[in-house]
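Worksheet: the structure to be examined is printed underneath.
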Amino acid sequence: MEINSFNQWMDTLAEALQRAESMGMSREVITRSATELGNFLAANVDPDVPENKLLKALWQQGTDSEKQALASMVVKLIDSKIKH
């Protein structure tokens, strides 16, 4: 899947979050999965959009607990997008 904008990326993540919640996944499991996804993306993907480049740079500099916090904030951001 090609992501051409940050909004497109957020929409994709919103769909995934809604699916996870509909399957009964807890917020803790979702955040842990988001952290694992962040690790994979940081190691394997060269982002094209500036916002994702910033997220990757933050991810690469963060400790494990900072990465979990960043993943949690992204999940909250996506959740607020869904609810508005």
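Every residue, every condition in (1) in contact with a strand residue (DSSP E or B) (Cβ under 6 Å, 6 or more places away or on another chain); (2) more than 14 Å from Asp79 (Cα to Cα); (3) of a type outside the set (S, T, N, Q), yes or no:
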position: Ile3; (1), (2), (3): no, yes, yes
position: Leu13; (1), (2), (3): no, no, yes
position: Met23; (1), (2), (3): no, yes, yes
position: Asn39; (1), (2), (3): no, yes, no
position: Ala43; (1), (2), (3): no, yes, yes
position: Asp46; (1), (2), (3): no, yes, yes
position: Leu58; (1), (2), (3): no, yes, yes
position: Gln61; (1), (2), (3): no, yes, no
position: Lys67; (1), (2), (3): no, yes, yes
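The single condition among (1) modelled with pLDDT under 95; (2) closer than 15 Å to Phe6 by Cα that Ser80 does not satisfy is (2).
Conditions (1) under 11 Å from the mean Cα position of the chain (by Cα); (2) within 22 Å of Asn4 (Cα to Cα); (3) among the polar types (S, T, N, Q), marked per residue:
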site: Met25; (1), (2), (3): no, no, no
site: Glu36; (1), (2), (3): yes, no, no
site: Asp46; (1), (2), (3): no, yes, no
site: Ala57; (1), (2), (3): no, yes, no
site: Val75; (1), (2), (3): yes, yes, no
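Taking the criterion of being under 20 Å from Glu66 (Cβ atoms) and among the polar types (S, T, N, Q), the residues of segment 20-34 that qualify are Thr31, Ser33.
Rundown of residues vs (1) modelled with pLDDT under 95; (2) out of contact with any Asp or Glu (no Cβ under 9 Å at 6 or more places or on another chain); (3) not aliphatic (A, V, I, L, M), yes/no style:
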site: Arg19; (1), (2), (3): no, yes, yes
site: Ser22; (1), (2), (3): no, yes, yes
site: Phe40; (1), (2), (3): no, yes, yes
site: Asp46; (1), (2), (3): yes, yes, yes
site: Asp64; (1), (2), (3): no, yes, yes
site: Met73; (1), (2), (3): no, yes, no
site: Lys76; (1), (2), (3): no, yes, yes
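When Val75, Val29, Val45 are checked against the criterion of being surrounded by 13 or more Cβ atoms within 10 Å (Cβ to Cβ) and among the β-branched types (Val, Ile, Thr), a single residue qualifies: Val75.
Counting only residues that are part of a helix (DSSP H, G or I) and out of contact with any helix residue (DSSP H, G or I) (no Cβ under 6 Å at 6 or more places or on another chain), segment 11-41 holds 18 of them. Quick one: in segment 52-67, which of the residues that are of a type in the set (Gly, Ala, Ser) and in a helix (DSSP H, G or I) is surrounded by the fewest Cβ atoms within 10 Å (Cβ to Cβ)? Checked segment 52-67; the qualifying residue surrounded by the fewest Cβ atoms within 10 Å (Cβ to Cβ) is Ser65. With respect to Asn7, is the statement that it is assigned to a helix (DSSP H, G or I) and surrounded by 17 or more Cβ atoms within 10 Å (Cβ to Cβ) true? No, not satisfied.
The values are calculated or read from the model by the stated rules, or taken from the named source; none is laboratory data. Remember, it's a predicted structure, so these values are computed and weren't measured experimentally. Heads up, the Cβs are rebuilt from the backbone with ideal geometry, glycines too, and the neighbour counts pull from every protein chain shown.
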